[in-house]
Amino acid sequence: MKSARRRSRELVTQGLYQWLLSGAPGGEIDAQLRGTQGFDKADQEHLNAILHGVIKESDELSVALQPCLDRPIEQLSPVERAVLLVAAFEFKHHIDVPYRVVINEAVELTKTFGGSDGYKYVNGVLDKLAVALRPTEAQARGRH
C-alpha cells in the first residue's frame with residue numbers, strides 16, 4: 001500500500017513530465033491530475049505545494065541542480081528532470097522530510113517511471129545536492 005505522500009509525488013512527477021513536454025500552464029496540469037485515478041488517495045496539500053512550487057521555481061531549482069549534473073539539465077530525460085525538480089523542491093522547502101527520505105522517494109519514482117538505470121544517476125545527483133542544500137543534515141550523516 002502506497003502512502004498518500006508517495007502517491008502525491010507520483011502524480012506530481014506525471015504532471016511535471018507533461019509540463020516539461022507541453023509547456024501547458026500549471027492550472028491546466030493541475031486540473032488534469034485531479035481527474036487521474038487514485039488522485040483521492042494522494043496527500044493533496046503536498047501535491048499542490050510541490051506541483052505549483054516546482055513550476056514557479058523551476059529556473060531557480062535548475063540552477064541549484066546544474067553543478068551536480070554531468071550535462072545541461074535540458075539534456076536529461078523528462079522523467080529524470082521532473083524527479084530531480086521534485087526532490088530539489090523538497091530539499092529546499094520540506095525540511096521536515098529527512099534528506100534520505102527525499103532521495104529514496106526520488107529513486108523509487110525513477111524506477112517506476114524512468115529508464116532502467118536512471119535511478120542510479122538520480123541517486124548520485126541528489127547525494128551531491130543534499131550536501132549543497134542540507135549541509136548540516138548531510139554532515140551529520142557523514143556526507144561531505
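Numbers at a glance
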quantity	calculated
Length-normalised contact order of the chain in % [C-alpha pairs under 8 Å, at least 6 apart]	22
Among V101, V86, V125, residue whose mean-square fluctuation peaks in a GNM of the chain (springs only between Cα atoms under 10 Å)	V101
Paired Rg and Dmax values of segment 86-144, which use every Cα atom, in angstrom	11.1, 32
Extent along principal axes [Cα atoms of the chain; Å; largest to smallest]	43, 31, 29
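None of the figures in this text is laboratory data; all of them are computed from the coordinates on show. None of the values given here were measured: they were computed from a predicted structure.
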